[in-house]
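A short worksheet on the structure shown next.
The values are calculated or read from the model by the stated rules, or taken from the named source; none is laboratory data. Everything numeric in this text was worked out from a predicted model, so none of it was measured. Don't worry about glycine lacking a Cβ; one is built from the backbone with ideal geometry, like all the others, and counts go over all protein chains shown. Only protein heavy atoms, including side chains, enter the accessible area calculation; ligands, DNA and RNA are left aside. Shrake-Rupley method; radii C 1.70, N 1.55, O 1.52, S 1.80 Å.
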Amino acid sequence: DIIATSAHLFLVAVLVGSNIPESPRFLMKNKDRDAHQVMRKIASWNKMSLPDQFEMSVSEEETGKERAWSLLTYSRYTCSATLAQMFIWFTAALYFFALSFNMNDVMGNPYVNLAATGIMEIIINVTSYFIIDRVGRRNCLLASFVACGISVLVCRLLPHSPLHYSHLSFKTVMVIIGRAFGGFIYSLVYLYSAEIFPTTVRSSGLGVCVFAAQVSSLIAPFVIVINENNANVVYSVLFFFCIFAFMAAWILPETAHVTLPRTIAEMDAAKDRTYSIFNESSPLIHHEQSHPPGH
């Protein structure tokens, strides 16, 4: 049954993948006229139309050979932003999988708890769809880390004893809420990081972050092993990771309502939209506006 299901899913993936168009930017860099056709198809999907004399061009800077390691060497900000995102992905995966593996530590049927967590994740993700553009990606990420940190801190402080039935019930609720927010962070960082990294190295930047998350998912089971001697160790570890991840997210720029960076230089310019050591006076959400001369 597993093989049959996997085969069907693979077939669906092939059918869907074959209908995904090539990147217009990639086609333009290779002087391919199909880029215009792709852009017109994208416009039709969005119920828009392009002018008959529509032309596309790629600047010389964008056609340059920027590499992923340039993110670490271009400036202090691009290096810090890249490492911060790697740590955020690492923490998101560690938090999500550690709490998932630790479901047996809380009261109740672990399968029912897991199902309840899934329902909470659906509610949080659907709700975020309507508020993420208004509140901002960065603010949602910061708030989620606060919620995750509070959840595991409460679990750490509650006594771990069968005699405290009400405490164990509340602990179960907090674990379910915390894991649901952890799942939301895991979903959010895919969008957020894709908007922070510039076009020229976006796939490489995301690949590095995913690698950090995969390393974390390998470490997560060993965190649970530590928990065998002290039932609250895992919550302490996750709490401190949430604190550091919150600090890492603090230096990142808001990406809502702004033009996405195309080059590493444009990514470096985003430091003007952060509350950090790079810029201490700019707003959390920056809306690009044009002002007439003299204003």
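Within segment 132-156, restricting attention to residues that are under 13 Å from Val175 (Cβ atoms) and free of Cβ contacts under 8 Å to residues at least 40 places away in the same chain, which residue is surrounded by the fewest Cβ atoms within 10 Å (Cβ to Cβ)?
In the first step, residues of segment 132-156 are kept if they are under 13 Å from Val175 (Cβ atoms); the result is 147-148, 150-156.
Subset that is free of Cβ contacts under 8 Å to residues at least 40 places away in the same chain: 147, 150-151, 154.
Details: Ala147: 18, Ile150: 16, Ser151: 27, Val154: 19.
The qualifying residue surrounded by the fewest Cβ atoms within 10 Å (Cβ to Cβ) is Ile150.
Can you go through Ser44, Ser18 and tell me which one is of a type outside the set (Val, Ile, Thr), on the phi < 0 side of the Ramachandran plot, out of contact with any strand residue (DSSP E or B) (no Cβ under 8 Å at 6 or more places or on another chain) and modelled with pLDDT of 75 or more? If you could, list the steps in order and put the result at the bottom.
Numbers: Ser18 fails: modelled with pLDDT of 75 or more.
Criteria check complete, one pass: Ser44.
Mind listing whichever residues of segment 78-104 are more than 21 Å from the chain's Cα centre (by Cα) and open to solvent by less than 30 Å² (accessible area, probe 1.4 Å)?
Going through segment 78-104, the residues more than 21 Å from the chain's Cα centre (by Cα) turn out to be 101-104.
Residues satisfying the conditions are Asn102, Met103.
Can Tyr129 be described as open to solvent by less than 10 Å² (accessible area, probe 1.4 Å) and under 19 Å from the mean Cα position of the chain (by Cα)? Let's see the steps before the verdict.
Values: open to solvent by less than 10 Å² (accessible area, probe 1.4 Å): no; under 19 Å from the mean Cα position of the chain (by Cα): yes.
Considered against the rule, which asks whether it is open to solvent by less than 10 Å² (accessible area, probe 1.4 Å) and under 19 Å from the mean Cα position of the chain (by Cα), Tyr129 comes out as no.
So for segment 67-77 (the condition being at pLDDT below 75, open to solvent by 50 Å² or more (accessible area, probe 1.4 Å) and closer than 22 Å to Arg262 by Cβ), does at least one residue qualify?
Among the residues of segment 67-77, at least one is at pLDDT below 75, open to solvent by 50 Å² or more (accessible area, probe 1.4 Å) and closer than 22 Å to Arg262 by Cβ, which makes the answer yes.
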